[in-house]
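Visitor: Just dropping this structure here.
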Amino acid sequence: MLLMRRFVPAWLCALVLFSPPLAAQDGGARGTLVILLGGEATSPIPTLLQANFANQDVADQLFLRLARLGPKMETSGDKDFVPELARSWSRRDSLTLVFELDPRARWHDGVPVTAQDVVFTVQRTLEPGVDVQHATLFQYVESVSAEGDHRVVFRFKRWYPEQFYDAVFHVQPLPSHLVAQIPATGLAASDYARHPVGDGPFRWVRREPGQLIELAANDQFFLGKPGLSRLVFRFVGDQEARNAQLLSGEADATGNILPVSNVDRFRQNPELRIIPVPSLTIGYLLFNQRDRADTSRPHPILADPAVRRALTLAIDRRRIIQSVFGPGTDIPVGPVSLLLSVRDTTIKPLPFDVATARSLLRSHGWEDHDGDGILDRDGHPLALTMNFPGTATILRLVALQVQEQLRQFGVKVDAVPLSPGDFMQRSRAGNFDLQMSAVTQDPTPSGIRQSWTCGGIGGSNFARYCNPLVDSLIDAAVTGRSDRRARWRRAIAALNDDAPAIFLYTPTLLAVVHSRFRNVNLRPPSLWQDVWRWSVAPGRELDRDRRP
Amino acid sequence: MIRWLAGRLAQALVTLALVTIITFFLMRLAPGDPMAPVGDRQMSEREVLALRAIYGLDQPLYRQFTAYVSGLLHGDLGTSFSQRRPVATVVAERLPATLLLGGCVLFINFTLGVWLGARQAVRRGSRFDHLASTLSLSGYAMPSFWLGMLLIWLFAIHFKVLPASGMRDLFAAELPPARRALDLLRHLVLPVTTLSLVTLAITMRHQRSAMLEVLRLDYVRTARAKGLPERVVLRRHAWRNAIFPTVTLLGLWLPVIATGAVFVEAVFSWPGLGSLAQDAIGNRDYPLLMGTSMLTSTAVVIGGLLADLGYLLLDPRLHRR
């Protein structure tokens with residue numbers, strides 16, 4: 001029975017993933033789906049994405065990957081990958097992966113997708129100054145070559161567990177017959193960028209700057225006919241404006257309506273469904289390990305692990321989660337979001353325990369000697385500044401609650417809202433005591449190495465956190481050939497124990513989708529990648545669904 | 001007249017040059033790393049350094065400035081960091097929406113605002129005067145985003161008679177021209193109403209006090225004494241002189257048109273320059289921010305110039321001088 005309970009969800013996911021859309025099965029209604037995005041997709045073309053989520057969301061409809069990540073989000077090896085542009089793959093040796101492209105794959109202009117397209121795209125990505133962000137992800141790729149029209153060979157510099165993930169996931173192939181003659185630096189302003197041609201389930205129709213991108217079903221899509229005839233991405237930066245468009249019926253879906261205070265308005269509307277979507281997002285309060293005035297010195301308060309642990313014990317994270325996120329959101333253990341494959345629920349987060357926190361601080365000399373409500377030691381109050389991006393609603397709500405809880409505990413926290421640019425500049429310079437952050441993690445756990453090891457200092461490890469024991473455990477987990485989960489468990493447990501941050505929340509996002517859509521499946525990291533399988537329930541079409 | 005115009009143009013060019021210098025260096029001195037917010041994913045230091053080199057941000061400030069000015073003199077506003085496209089193209093895409101929204105607001109200010117303000121002055125102390133003052137000041141006192149959300153809730157969500165946001169219906173391109181214009185008009189109603197309610201009070205107050213001032217003058221009394229109908233006294237004698245301060249004010253409204261109203265554009269997802277400038281600030285997209293700032297400054301200068309020209313046209317005495 002236990003076995004059944006574990007396997008049924010995966011079995012259902014597989015059924016959804018491999019089944020053709022309902023519309024294709026029963027010839028049901030086709031329709032228009034209007035999705036609201038918080039940012040504008042200005043260049044939804046591989047090599048020009050600039051890690052902009054809106055660009056990626058649109059590009060995922062236009063361009064295919066060699067293979068897509070499956071429901072378990074396991075980036076190690078190839079077991080959890082589903083064929084997409086490549087119909088099969090094999091390994092020649094520990095350094096060589098061979099992909100056989102599906103010969104049915106066509107670009108939207110009818111030209112077959114070839115191995116040369118894949119080779120061209122990787123080479124274009126690696127050209128200096130073209131796609132800096134993705135080029136670093138190919139750092140272990142030695143060469144990519146074509147053998148005939150449909151075979152692509154990736155050769156790596158060294159073995160590591162995520163070779164397959166790196167080869168198939170980061171960059172979607174471009175049509176070399178259209179792009180090769182355009183200089184890399186001119187691609188963004190080219191005719192191709194104005195009317196991109198891809199190989200995905202939807203093809204380009206038009207873009208209205210600042211407003212929307214419209215795509216139409218690619219009826220020749222080799223994996224099946226899309227269940228919707230039209231897909232529109234509308235760009236609405238303001239959350240209230242997004243809510244208004246959904247409630248007025250002008251749009252059909254959005255990826256997240258959190259904070260939880262928004263939910264009631266949507267619950268009262270029978271036309272809209274709220275769909276919980278576990279995420280790769282994690283929010284935490286970072287402790288700077290170095291003195292903000294002189295990063296060569298340890299932080300006078302936070303370099304002490306006992307203080308960090310005490311502050312973690314003093315925060316009631318469950319209460320914050322309930323008031324901002326509602327059910328489904330969890331307290332993370334270490335920097336591990338809900339969907340990261342190495343998440344291990346057997347490791348427990350540090351509890352909310354004010355008494356232990358107080359005695360821990362007392363044993364290190366922190367007490368309220370002068371009776372002003374603020375803990376002090378040697379005449380110095382336990383006072384810290386907390387930077388947070390003032391434009392991020394959720395981070396602002398969480399930051400203010402943390403500030404209040406710490407005040408009640410006896411820590412004076414000066415909360416400083418900053419613009420995104422200023423926030424990042426201070427992060428890089430180490431100019432903070434506490435920093436409220438949220439990141440959407442890559443599906444791979446190896447990203448943890450960038451932010452939480454000594455090697456990440458000067459990069460994404462803004463707190464300059466360095467613990468050689470944690471480093472060695474993470475290295476062993478990233479590069480180990482066997483027993484990967486156990487290695488990660490040890491690394492995460494050690495990191496969690498050392499409390500380099502208060503890991504506050506990993507949310508279940510609340511997406512909203514109009515109830516007329518069937519076969520709805522939302523899956524990070526590419527939330528909308530399955531919309532081509534959606535369809536409109538017969539008899540529930542709106543005017544916009546009936547348009548040709 | 002030509003000498004005057006040439007002088008004003010030279011003055012305008014100097015102003016623009018100063019604005020370019022000040023804006024460029026102020027922007028660079030403001031806190032914030034332009035390469036930090038590019039993308040939603042955190043970048044490694046190596047990636048950041050590579051991007052800084054691509055965009056020339058690793059060069060000394062004076063070199064960045066000379067490169068920018070050299071581009072500007074060749075009509076090149078640079079390339080947007082966040083969009084990787086020429087700034088001129090990006091700005092040109094958003095300009096029509098801003099001009100449309102701002103133009104409508106300006107039109108309402110110039111017609112309804114001026115008329116209401118003048119009428120208030122004529123009926124000074126009446127119930128109409130009090131009511132108009134109260135209503136217009138209430139509009140002025142309301143935060144535009146709040147007023148916008150209120151109107152959306154009322155007309156788009158509750159009564160469902162007007163669109164909540166955007167500039168066009170999804171299928172507007174397929175409509176015949178007349179219905180397309182109607183669709184655009186429907187989308188304009190709420191943002192224009194919001195922005196007009198917020199700005200109308202200023203125009204009305206200006207016009208009211210200018211008109212009151214003029215109505216006290218001797219020549220108006222003389223006009224009445226010689227038996228001219230009240231309508232003629234008010235229109236031909238009083239109002240024509242009372243319009244000057246309002247003309248100046250309307251010249252100064254031009255930057256509002258050029259940049260749009262940031263909050264109103266955000267609430268109504270209006271794809272104008274205001275939201276573009278807001279994104280550029282958030283992204284520390286220097287070239288895009290410079291592009292929108294240059295446009296605003298140019299609008300201010302042109303606004304001043306047009307106000308002066310308006311004076312010339314309205315007041316024949318200035319012609320003679």
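Visitor: Within the range A:210-221, does at least one residue satisfy the condition of being facing chain B (nearest Cβ under 10 Å), over 19 Å from A:GLN172 (Cα atoms) and either more than 27 Å from the chain's Cα centre (by Cα) or in a loop (DSSP other than H, G, I, E, B) (or both)?
Guide: Step one: list which residues in the range A:210-221 are facing chain B (nearest Cβ under 10 Å), which gives A:210-212, A:214.
Next cut, over 19 Å from A:GLN172 (Cα atoms) only: A:210-212, A:214.
Still in the list and also either more than 27 Å from the chain's Cα centre (by Cα) or in a loop (DSSP other than H, G, I, E, B) (or both): A:210-211.
Within the range A:210-221, one or more residues are facing chain B (nearest Cβ under 10 Å), over 19 Å from A:GLN172 (Cα atoms) and either more than 27 Å from the chain's Cα centre (by Cα) or in a loop (DSSP other than H, G, I, E, B) (or both).
Visitor: If I go through the range A:154-171 residue by residue, how many of them are at pLDDT 95 or above and touching a Gly at 6+ places or on another chain (Cβ under 8 Å)?
Guide: 1
Visitor: Among the aliphatic types (A, V, I, L, M), within 26 Å of A:THR385 (Cβ to Cβ) and touching a residue at least 12 places away in the same chain (Cβ under 8 Å), is that true of A:ALA463?
Guide: yes
Visitor: Among (1) within 17 Å of A:GLN56 (Cβ to Cβ); (2) buried (at least 24 other Cβ atoms within 10 Å of the Cβ), there is one condition A:ARG207 misses while meeting the rest; what is its number?
Guide: So the condition that A:ARG207 fails would be (2).
Visitor: On the basis of being assigned to a loop (DSSP other than H, G, I, E, B), more than 11 Å from chain B (Cβ to nearest Cβ), of a type outside the set (Gly, Ala, Ser) and more than 20 Å from A:ARG547 (Cα to Cα), does A:ASN256 make the cut?
Guide: Criteria met by A:ASN256.
Visitor: What do you reckon, is B:PHE155 of a type in the set (A, V, I, L, M, F, W, C), more than 16 Å from B:GLY113 (Cβ to Cβ) and touching a Leu at 6+ places or on another chain (Cβ under 6 Å)?
Guide: yes
Visitor: Can you tell which of A:GLY129, A:GLY110, A:GLY186 is assigned to a loop (DSSP other than H, G, I, E, B), surrounded by fewer than 20 Cβ atoms within 10 Å (Cβ to Cβ), small (Gly, Ala, Ser) and within 14 Å of chain B (Cβ to nearest Cβ)?
Guide: After applying the criteria, what remains is A:GLY129.
Visitor: Could you grab me the full set of residues in the range B:45-86 that are surrounded by 17 or more Cβ atoms within 10 Å (Cβ to Cβ), more than 11 Å from chain A (Cβ to nearest Cβ) and closer than 30 Å to A:LEU212 by Cα?
Guide: B:LEU77, B:GLY78
Visitor: Counting only residues that are at pLDDT below 95 and assigned to a loop (DSSP other than H, G, I, E, B), how many does the range A:189-209 have?
Guide: Within the range A:189-209, residues that are at pLDDT below 95 and assigned to a loop (DSSP other than H, G, I, E, B) number 2.
Visitor: How do the helices (runs of 4 or more DSSP H) wholly within the range B:210-292 filter down when requiring 2 or more residues that are buried (at least 21 other Cβ atoms within 10 Å of the Cβ): which remain? It would help to see each step written out before you state the result.
Guide: Working: elements: B:218-225, B:244-259, B:262-267, B:273-283.
Helices (runs of 4 or more DSSP H) meeting the threshold: B:244-259, B:262-267, B:273-283.
Visitor: Would you be able to say whether some residue in the range A:355-377 is within 32 Å of the chain's Cα centre (by Cα) and free of Cβ contacts under 8 Å to residues at least 60 places away in the same chain?
Guide: no
Visitor: While we're looking at this one, here's another question. Of the numbered conditions (1) more than 11 Å from chain B (Cβ to nearest Cβ); (2) of a type outside the set (Asp, Glu); (3) under 23 Å from A:THR391 (Cα atoms), A:THR281 fails exactly one; give the number of that condition.
Guide: (1)
Visitor: Here is a follow-up. How many residues, within the range A:226-242, are at the interface with another protein chain (Cβ under 9 Å from one of its Cβ atoms) and either of a type outside the set (Phe, Trp, Tyr) or over 24 Å from the mean Cα position of the chain (by Cα) (or both)?
Guide: Total meeting the criteria: 9.
Visitor: For the range A:244-253, which positions are buried (at least 24 other Cβ atoms within 10 Å of the Cβ) and either under 18 Å from B:PHE155 (Cβ atoms) or facing chain B (nearest Cβ under 9 Å) (or both)?
Guide: Listed by number, the residues that qualify are A:ALA244, A:GLN245, A:LEU246, A:ALA251.
Visitor: Report yes if some residue within the range A:441-452 is of a type in the set (A, V, I, L, M, F, W, C) and over 18 Å from A:PRO332 (Cα atoms); otherwise report no.
Guide: No, every residue in the range A:441-452 fails to be of a type in the set (A, V, I, L, M, F, W, C) and over 18 Å from A:PRO332 (Cα atoms).
Visitor: Can you find even one residue in the range A:86-97 that is under 30 Å from A:ALA217 (Cβ atoms) and assigned to a helix (DSSP H, G or I)?
Guide: No, because not a single residue in the range A:86-97 is under 30 Å from A:ALA217 (Cβ atoms) and assigned to a helix (DSSP H, G or I).
Visitor: If a residue has to be over 21 Å from A:PRO507 (Cα atoms), touching a residue at least 60 places away in the same chain (Cβ under 8 Å) and not aliphatic (A, V, I, L, M) to count, how many in the range A:386-410 make the cut?
Guide: 1
Visitor: Could I ask something else about it? Given (1) closer than 24 Å to A:ASP166 by Cα; (2) within 11 Å of chain B (Cβ to nearest Cβ); (3) without any contact (Cβ under 8 Å) to a residue 60 or more places away in the chain; (4) crowded, with 21+ Cβ neighbours inside 10 Å, identify the lone condition not met by A:SER451.
Guide: Among (1) closer than 24 Å to A:ASP166 by Cα; (2) within 11 Å of chain B (Cβ to nearest Cβ); (3) without any contact (Cβ under 8 Å) to a residue 60 or more places away in the chain; (4) crowded, with 21+ Cβ neighbours inside 10 Å, the lone unmet condition for A:SER451 is (3).
Visitor: Being in contact with a strand residue (DSSP E or B) (Cβ under 6 Å, 6 or more places away or on another chain), surrounded by fewer than 20 Cβ atoms within 10 Å (Cβ to Cβ) and either more than 10 Å from every other protein chain (Cβ to nearest Cβ) or not in a strand (DSSP E or B) (or both) is the filter here, so list the residues in the range A:429-443 that pass it.
Guide: Within the range A:429-443, just A:ALA438 meets the criteria.
Visitor: Could you check the range A:413-428 and list, in sequence order, the residues that are more than 9 Å from every other protein chain (Cβ to nearest Cβ) and either part of a helix (DSSP H, G or I) or in contact with a Leu (Cβ under 7 Å, 6 or more places away or on another chain) (or both)? Even if it seems obvious, please write down each step before you answer.
Guide: Residues of the range A:413-428 that are more than 9 Å from every other protein chain (Cβ to nearest Cβ), as a first pass: A:413-417.
Across the range A:413-428, the qualifying residues are A:VAL413, A:ALA415.
Visitor: Of the residues that make up the range B:17-34, is at least one under 22 Å from A:GLY129 (Cα atoms) and modelled with pLDDT under 85?
Guide: yes
Visitor: Something else now. Collect the residues in the range A:259-275 that are away from chain B (no Cβ under 13 Å), farther than 25 Å from B:GLY282 by Cβ and either among the hydroxyl-bearing types (Ser, Thr, Tyr) or not in a loop (DSSP other than H, G, I, E, B) (or both), keeping them in residue-number order.
Guide: A:VAL260, A:VAL263, A:ASP264, A:ARG267, A:ARG273, A:ILE274, A:ILE275
Visitor: Would you call B:ALA201 farther than 22 Å from B:VAL122 by Cβ, buried (at least 17 other Cβ atoms within 10 Å of the Cβ) and modelled with pLDDT under 95? Reasoning before the result, please.
Guide: Numbers: farther than 22 Å from B:VAL122 by Cβ: no; buried (at least 17 other Cβ atoms within 10 Å of the Cβ): yes; modelled with pLDDT under 95: yes.
So B:ALA201 fails the test.
Visitor: Sticking with this one: All but one of (1) exposed (fewer than 14 other Cβ atoms within 10 Å of the Cβ); (2) away from every other protein chain (no Cβ under 14 Å); (3) assigned to a helix (DSSP H, G or I) hold for B:ALA92; state the number of the condition that does not hold.
Guide: (2)
Visitor: I would also like to ask the following. Name the residue that is farthest from A:GLY186 (Cα to Cα), counting only residues in the range B:52-81 that are touching a residue at least 12 places away in the same chain (Cβ under 8 Å) and in a loop (DSSP other than H, G, I, E, B). Break it down stepwise before answering.
Guide: Kept after step one, since they are touching a residue at least 12 places away in the same chain (Cβ under 8 Å), are these residues of the range B:52-81: B:52, B:55, B:57, B:61, B:64-65, B:68-69, B:72, B:75-81.
From what is left, the residues that are in a loop (DSSP other than H, G, I, E, B) are B:55, B:57, B:75-78, B:80-81.
Working: B:TYR55: 14, B:LEU57: 20, B:GLY75: 18, B:ASP76: 15, B:LEU77: 16, B:GLY78: 13, B:SER80: 13, B:PHE81: 14 Å.
Only one residue fits best here, namely B:LEU57.
The values are calculated or read from the model by the stated rules, or taken from the named source; none is laboratory data. Predicted model only: the values in this text are computed from it and were never measured. We place every Cβ from the backbone using ideal geometry, glycine too, and count neighbours over all the protein chains shown.
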